[in-house]
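The values are calculated or read from the model by the stated rules, or taken from the named source; none is laboratory data. What you are looking at is a predicted structure, and each value in this text was computed from that prediction instead of being measured. Every residue, glycine as well, gets a Cβ built from its backbone with ideal geometry; the counts of neighbours run over all protein chains shown. For accessibility, only protein heavy atoms count, side chains too; no ligands or nucleic acids. Shrake-Rupley method; radii C 1.70, N 1.55, O 1.52, S 1.80 Å.
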Amino acid sequence: MRDHSEETLTQAVLDRVQHAADPRTRDMLQAFVRHMHAFVREVRPTEAEWKQAIDFLTRTGQMCDDRRQEFILLSDTLGVSMLVDTINHARGGGTTETTVLGPFYVDHAPMVELGADISGGLKGDPLFVEGIVRSENGTALSNAVVDVWQSDDEGHYDLQFNDPNLFFLRGRLQTDEEGRFRFWSIMPRSYPIPTDGPVGALLAAAGRHPFRPAHLHFMIAAPGHNKLITHIFVKGDDYLDSDVVFGVKDSLIADFETRTKTTSLNGAHIDRPHRYLRYDFSLQKGPGASAA
Ligand code: BEZ
Ligand code: FE
């Protein structure tokens with residue numbers, strides 16, 4: 001086939017990929033081509049605009065390395081990450097709801113003792129967090145791994161500093177025989193996602209703010225269960241209704257109470273001013289990842 005017109009070109013490309021060995025790959029490629037061609041037909045870009053789009057994607061890729069993931073930011077800010085989340089995690093089953101992973105997870109946070117302080121002495125309002133990890137049928141899950149990470153008091157994650165040895169506000173805890181976990185930290189703050197790259201420029205061009213409401217990140221793994229990736233958001237935060245990555249769900253908003261005394265789930269007494277979060281997690285049964 002030669003001499004393609006605007007009308008025949010799309011079908012020609014679809015035909016060209018129809019023999020892909022893997023049917024899923026073929027279906028995805030064909031859907032991508034159909035939607036991409038429809039997009040181009042709709043917006044009718046000039047050649048200069050198309051070059052600008054390619055330059056944008058090139059800069060997005062060039063910005064990525066071990067500590068910066070501009071493509072995740074792009075997916076997050078365009079709502080694609082939450083669309084993938086929504087498609088893959090049905091709501092309403094009674095298990096803890098999921099939200100975006102984000103670009104600041106690292107898979108080798110140190111294992112810390114229950115009750116440890118993960119703040120590394122950073123300034124901020126002291127926060128005590130505890131809860132119970134259960135299976136969807138209510139059974140407490142011992143030896144589940146609770147991986148937590150968060151920003152500092154000024155809204156920065158350790159990965160955002162230009163220091164490969166810097167490591168703070170992260171930790172992995174193992175639940176005890178009653179499924180309990182607890183740790184000390186500092187209050188998370190609402191923060192702007194990184195705006196010094198192409199995604200920041202795109203937000204500015206769209207007249208959007210770059211803020212996320214304050215939250216703690218959790219990734220929880222237990223044998224025989226699907227890995228849970230979620231956040232707990234701070235009730236009352238100004239950005240709950242306009243999260244730049246569309247990640248807020250009502251069930252994930254919690255009261256981080258202001259207290260002077262707490263008796264922890266394990267009976268220990270805390271006798272100094274602190275913020276307190278109790279949040280219990282419910283994991284869906286499934287093949288999931290092991291807790292290792
Ligand atoms: C985060 O919460 O760490 C995050 C999520 C999406 C984009 C940027 C940051
Ligand atoms: Fe975050």
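Observations
- Verdict on residue 47 being among the acidic types (Asp, Glu), within 15 Å of the chain's Cα centre (by Cα) and either open to solvent by less than 40 Å² (accessible area, probe 1.4 Å) or outside the structural domain of residue 186 (by TED's automatic domain parsing) (or both): no
- Residue match in region 144-159 (condition: more than 23 Å from residue 254 (Cα to Cα) and more than 15 Å from ligand 2 (Cβ to nearest atom)): no
- Total residues in region 56-79, condition more than 11 Å from ligand 1 (Cβ to nearest atom), polar (S, T, N, Q) and under 19 Å from residue 208 (Cβ atoms): 1
- Whenever a residue of region 45-60 is over 18 Å from residue 74 (Cβ atoms) and touching a residue at least 12 places away in the same chain (Cβ under 8 Å), it has no partner that is of a type in the set (Phe, Trp, Tyr) and in a loop (DSSP other than H, G, I, E, B) lying with C-beta atoms less than 8 angstrom away and at least six residues away or across chains.
- Test result for residue 199, in contact (Cβ under 8 Å) with a residue 12 or more places away in the chain and within 16 Å of ligand 2 (Cβ to nearest atom): yes
- Screening the candidates 70, 42 for the property of being open to solvent by 80 Å² or more (accessible area, probe 1.4 Å) and either under 29 Å from residue 205 (Cβ atoms) or modelled with pLDDT under 95 (or both) yields one hit, 42.
- Residue in region 170-186 that is in the same structural domain as residue 263 (by TED's automatic domain parsing) and within 30 Å of residue 59 (Cβ to Cβ) present: yes
- Checking the stated criteria, residue 124 turns out to be of a type in the set (Gly, Ala, Ser) and closer than 23 Å to residue 211 by Cα.
- Residue that is farthest from the chain's Cα centre (by Cα) [pool: residues in region 14-43 that are among the acidic types (Asp, Glu) and over 19 Å from residue 1 (Cβ atoms)]: 42
- Here residue 88 passes the criteria (1) open to solvent by 40 Å² or more (accessible area, probe 1.4 Å); (2) within 13 Å of ligand 1 (Cβ to nearest atom) except the one numbered (2).
- Leading residue by the ranking (farthest from residue 139 (Cα to Cα)) among those in region 205-219 that are more than 16 Å from ligand 2 (Cβ to nearest atom) and hydrophobic (A, V, I, L, M, F, W, C): 205
- The strands (runs of 3 or more DSSP E) falling completely within region 202-292 that include 1 or more residues that are open to solvent by 70 Å² or more (accessible area, probe 1.4 Å) and in contact (Cβ under 8 Å) with a residue 40 or more places away in the chain map to 274-278.
- Residues that are away from ligand 2 (no atom under 16 Å from the Cβ) and either touching a Leu at 6+ places or on another chain (Cβ under 8 Å) or open to solvent by 60 Å² or more (accessible area, probe 1.4 Å) (or both) are absent from region 98-106.
- Residue satisfying all of: in region 110-138; closer than 17 Å to residue 176 by Cα and among the aliphatic types (A, V, I, L, M); most open to solvent (accessible area, probe 1.4 Å) among these: 111
- Taken over region 139-168, the residue count meeting the criterion of being assigned to a loop (DSSP other than H, G, I, E, B) and open to solvent by 40 Å² or more (accessible area, probe 1.4 Å) is 12.
- Remark: pairs (first residue in region 2-21, within 16 Å of residue 34 (Cα to Cα) and among the aliphatic types (A, V, I, L, M); second residue open to solvent by less than 90 Å² (accessible area, probe 1.4 Å) and not in a helix (DSSP H, G or I); Cβ separation under 9 Å; 6+ apart in sequence or on different chains) = 12/4.
- Subset of region 191-201 that is part of a loop (DSSP other than H, G, I, E, B) and in contact with a Ser or Thr (Cβ under 9 Å, 6 or more places away or on another chain) - its residue that is nearest to residue 93 (Cα to Cα): 193
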